[in-house]
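This report concerns only the one structure given below.
Just so you know, all these numbers are worked out from the coordinates, no wet-lab data involved. Source: prediction; values computed, not measured. Cβ placement follows ideal geometry from the backbone for every residue including glycine, while neighbour counts extend to all protein chains displayed.
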Amino acid sequence: MRAADALCEALKAEGVEHVFGIPGGANLPTYDALYDADLVHIQARHEQCAGHAAEGYAKASGRVGVAMATSGPGATNLVTPIADAMMDSVPTVFVTGQVRTDLIGTDGFQEADVTGITLPVVKHSLLVTDPRQIPDYIHEAFHIASTGRPGPVLVDVPQDLSRAEIDYTPIEGTPELPGYKPPTEGNIKQIRIAAKALANARRPVIYGGGGIVNADASEEFREFCSSDRLPVTLTVMGLGAFPAPHEQWLGMLGMHGTRTANYAMDEADLIVCVGARFDDRITGKLSEFAPRAKFVHIDVDPAEISKNVPAHIPIVGDAADVLPKMTREYRALNPDSSRLEEWWKRIRDWQTTYPLRYEDSPDSEIKPQFMVEAMYEATDGDAIITSDVGQHQMWAAQYYHFTEPRRWLNSGGLGTMGFGLPAAIGAKVARPDDTVVCLAGDGSLVMVCQEFATAAFHNIPVKVFLMNNGHFGMVRQWQELFWDERYKSVEMGPSPNWPKLAEAFGWTGMQCTDKSQLRESMQTALETDGPVLLDVHVTKDENCFPMIPAGAAARDMVG
Amino acid sequence: MMGEPGTQDLVRLEDLEASRQLTGRKHILSLLVENKPGVLARIAGLFSRRGFNIDTLAVGPTEDPDVSRITLTLDGAVHPIDQVTKQLHKLVNVIKIRDMEPDGTVAREMALFRVSAAVESRAEIMQFADIYEAKIVDVSRRSLTVEVTGSQDKIDSFERMVRPHGLIEMARTGEVAITKSRPEH
Ligand SMILES: Cc1cc2nc3c(=O)[nH]c(=O)nc-3n(C[C@H](O)[C@H](O)[C@H](O)COP(=O)(O)OP(=O)(O)OC[C@H]3O[C@@H](n4cnc5c(N)ncnc54)[C@H](O)[C@@H]3O)c2cc1C
Ligand SMILES: Cc1ncc(C[n+]2csc(CCOP(=O)(O)OP(=O)(O)O)c2C)c(N)n1
């Protein structure tokens, strides 16, 4: 069969039902194959957004997301989502067209060395040099993208090779890759030592991250945390792995985390890190990070261990394998829970003294935090929420109390503005029965607003709740706090008429400027068929607090 | 029977130590890599991206045509070697990495030196060559080209000897290394 058809067959053999992309000269054979293939192609309006949609699809479902683009500009438009998927460990496969093999290296029309350009931001990439490799590489790409620490894999397919005739039978089992053996099982001796240290700790903190979500190990994580009264905090990426309203819950940690979580890290004697990577948004000033603590570090990627913070008890393995063993070992020690009494007293003190709070407006003005709370109520705390990057993202993390994993999709590591809308589209495609709401920033949304067309064209009923503060709010906040209020290029100027803009693309457009109307507006938006944009005018100069200034220590939290 | 709560069976936190990051010595890493397009670019890219400095790098075939060997030397006083090898391991085309034990390793480098050799110093340079078991591989009226093989130290020391005479050009391969076979019983 034609190699391009084999490519589609291989995708189907991997269980793919949806792909996101944009066609062009170099991937025409693939699109010709898609004409007959039993695959749903979602036609994005910018390759970057095809990529983010694939990420949203993957994050919401745990399955591999697939995006396609043509050579040259199509492929270079994918660089941002590829880098984003790398930073946030999102299982994704990107299939790019490449110019004909006889043109490679000649600066041919729409030639770009996309494997070269993306080398630093892929988990792996495969440049096809023989048509028979095409389906094999797809299988390899899926295997690599989805196992171990997940990530993006690029398959670059020259146009002529995808037109060649080849024999294809789907491979059985997993591909043989001599240099790729991701660890799975944690070392039981290490696990035992960790359990014994934890049972002796008087001020322990469990610090979980996106790895728990990746591993689909939230149940196991909850089980482990509840084997004693262990205080739990999560990163932005881990939210939902542990239910936010819970008596052991300290709140999120890090730059915009709660004082309780950050102070607990600061005073902890043992920190058990599960599937998190000691990002600088967590550690702040490294030399003053958790100065009294010893560290247990559970991660599937050995290179994460001791990368930023030296681990005392490293455990390399899949969280889904390690956590149940930890729970068993820990329980078997019959630990004395009363040793945590003092610690909990201290934690409760912080919780009462420093709850998350904001000053609500006395009038009709909508405070951004209030908007997130209203969203939480309107959706019963039960929607898939995507977000862009900025203040609204952090307020969502603080005030939308996630109780389940894969309900909070955001760009944490790369911090890509414009992630929210395409990710929502991808998430809704993956989970059509769930309510999917994008909490957008007005600075971010305008970067990707052509994707209104994608949702309208394919009738993907996502809801966009736009937190419209007329600013690049997060940058404005930094200029206010750390750059002497020298505001430069942070005002959005004349705002587009958002409801009309959405309507121009075939959406329902709505607006709300009055606090007393907000819940009802949201309710209406959620109940209206098809894609809906709700433009919510919020306070223009609210700051997101609390905050650890960049490079400072937890003790120096402000706000 | 379960242990009493808080018995000495538990691990004392004070006793826990994190492993040391810097070893303080030179390391030779021997990598077996799949002979695929772009492998070297991946490795070089990883080093520049992570800020690791390679002192020497040598690439060549092995007994298996699908596999190449890359030998790297780096300074363990500057880089956490453990982190370097773990990052390298993440490259899918890297099959095997060996951090060569100094005592169990035969390491060799080859170097070519073109040294200015006026008539009066020619004999002395040839004498050095002799001592270092080096070969004169090219001769001209004003210069000698010497081929030296040996450990990095030996080549460094040869360089120091001939430099005063006027070192016109030097080319070094970087070390390649192989483990010593175990003594047979
Ligand atoms: C404006 C802004 C502000 C931010 N502020 C904060 C903040 O206040 N607090 C905060 O937490 N973050 C914040 N972030 C996000 C931050 O930049 C990082 O993205 C985040 O902290 C990383 O989360 P993580 O450590 O859970 O790692 P992830 O990036 O989610 O990585 C997951 C880790 O788990 C491992 N892993 C993957 N799969 C498995 C498995 N199966 N088993 C075991 N381990 C696995 C991976 O190897 C990796 O080490 C902010 C981002 C932005 C854009
Ligand atoms: C693509 C991209 N460009 C620039 C930035 C830097 N940046 C971070 S937050 C931010 C402002 C975001 O504004 P908005 O989307 O309106 O959200 P707000 O902070 O106002 O809630 C900017 C410009 C970024 N993260 N991503």
Could you size up the charge dipole of the range A:368-537 around its Cα centre, putting +1 on the beta carbon of Lys and Arg and -1 on that of Asp and Glu, and report it in debye to the nearest 20? 360
Averaged over the residues of B:92-98, the number of partner chain Cβ atoms within 10 Å of each residue's own Cβ comes to 4
For chain B: rounded, prolate or oblate by the Cα gyration tensor [a/c cutoff 1.5]: prolate
Roughly how crowded by other chains is peptide A:301-312, in terms of the mean Cβ count from those chains within 10 Å of each of its Cβ atoms? 5
Set the Förster radius R0 to 60 Å, insert the Cβ-Cβ distance between A:R229 and B:D64 as r into 1/(1 + (r/R0)^6), and round the FRET efficiency to 0.05. 0.60
Other protein chain Cβ atoms within 10 Å, averaged over every residue that makes up A:192-205: 3
Compute the distance in nm between two label points, each set 7 Å from the Cα along the Cα-to-Cβ direction, one at B:Q127 and one at A:Q517. 10.0
Say R0 is 35 Å: what FRET efficiency, to the nearest 0.05, do A:T174 and A:E219 get from their beta-carbon distance? 0.85
Can you tell me, using C-alpha contacts under 8 Å and at least 6 residues apart, the relative contact order of the range B:105-179 as a whole percent? 52
In nm, to one decimal, how far is the A:D336 label point from the A:K12 one, both placed 7 Å along Cα→Cβ? 6.5
Quick one: Cα centre-to-centre distance for the range A:288-326 and the range B:134-172, in angstrom? 50
Where the only charges are on Cβ atoms (+1 Lys, Arg; -1 Asp, Glu), what is the dipole of the protein assembly as shown about its Cα centre, to the nearest 20 debye? 1800
Within 15 Å, Cβ to Cβ, of A:A83, how many net charges do the neighbouring residues add up to if Lys/Arg are +1 and Asp/Glu are -1? -2
Which net charge results when you count Lys and Arg as +1 and Asp and Glu as -1 among the other residues whose beta-carbon is under 13 Å from that of A:Y31? -1
How far is it, in nm, from the label point at B:R182 to the one at B:K96 when both lie 7 Å from their Cα along the line to the Cβ? 1.5
For A:435-445, A:137-147, B:169-179, ranked highest to lowest by mean beta-carbon neighbours within 10 Å, the order is A:435-445, A:137-147, B:169-179
Counting alpha carbon pairs within less than 8 Å and at least 6 residues apart, what relative contact order, in whole percent, applies to chain A? 14
Cβ-Cβ FRET estimate between A:T403 and B:D55, R0 fixed at 41 Å, reported to 0.05: 0.20
With the cut-off at 22 Å, tell me which of the pairs A:K123/A:K189; A:K285/A:K540; B:K135/B:K180; A:K307/B:K90; A:K189/A:K345 have Cα atoms farther apart than that. A:K123/A:K189; A:K285/A:K540; B:K135/B:K180; A:K189/A:K345
Report the Cα centroid-to-centroid distance between the range A:89-112 and the range A:394-461 in angstrom, as an integer. 29
